[in-house]
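Working notes for the structure below.
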Amino acid sequence: MKIIEYVITDPEGVHALPAGGLIKLANAFNCSITAKGNGQSTDAKHLFGLMSLGIKNGQTLTLICDGADEIEAAKALERYLKDNL
């Protein structure tokens, strides 16, 4: 299991455009990816679930990758977060 904790720096928080890219990237991997924030958790491969977390600028988004390609997924997702959120 690989855990990524990232503080959102985008002034708009987690919004549709970067969330859509994150979902697309997450779906490229076979491992399960769970997103956590604001005391809730959801499948990070579903847009409505990710958006329902309501993560704003300055709040932490946690991604938990668990499965065969978890290392590759965690590296790619962390890079995406740094570049887009």
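When the residues of segment 47-63 are filtered to those that are modelled with pLDDT of 95 or more and in contact with a helix residue (DSSP H, G or I) (Cβ under 9 Å, 6 or more places away or on another chain), the one that is nearest to residue 10 (Cα to Cα) is 61. Which one of these is over 11 Å from the mean Cα position of the chain (by Cα) and in contact (Cβ under 8 Å) with a residue 40 or more places away in the chain: 39, 54? One residue alone meets the criteria, 54.
Being of a type outside the set (D, E, K, R), under 18 Å from residue 73 (Cβ atoms), touching a Lys or Arg at 6+ places or on another chain (Cβ under 7 Å) and surrounded by 15 or more Cβ atoms within 10 Å (Cβ to Cβ) is the requirement here; does residue 4 meet it? Break it down stepwise before answering.
Values: of a type outside the set (D, E, K, R): yes; under 18 Å from residue 73 (Cβ atoms): yes; touching a Lys or Arg at 6+ places or on another chain (Cβ under 7 Å): no; surrounded by 15 or more Cβ atoms within 10 Å (Cβ to Cβ): yes.
For residue 4, the condition - of a type outside the set (D, E, K, R), under 18 Å from residue 73 (Cβ atoms), touching a Lys or Arg at 6+ places or on another chain (Cβ under 7 Å) and surrounded by 15 or more Cβ atoms within 10 Å (Cβ to Cβ) - is not met.
Selection of segment 22-36 for residues being within 10 Å of the chain's Cα centre (by Cα) and assigned to a helix (DSSP H, G or I) yields 22, 23, 25, 26.
Total residues in segment 42-51 satisfying the condition of being free of Cβ contacts under 8 Å to residues at least 12 places away in the same chain and not in a helix (DSSP H, G or I): the figure is 2. None of 59, 40 is on the phi < 0 side of the Ramachandran plot, surrounded by fewer than 14 Cβ atoms within 10 Å (Cβ to Cβ) and either in contact with an Asp or Glu (Cβ under 6 Å, 6 or more places away or on another chain) or not hydrophobic (A, V, I, L, M, F, W, C) (or both) except 40.
The values are calculated or read from the model by the stated rules, or taken from the named source; none is laboratory data. What you see is a predicted model, and the numbers here were worked out from it, not measured in a lab. For neighbour counting, all protein chains shown are included, and Cβ atoms are generated from backbone atoms with ideal geometry for every residue, glycine included.
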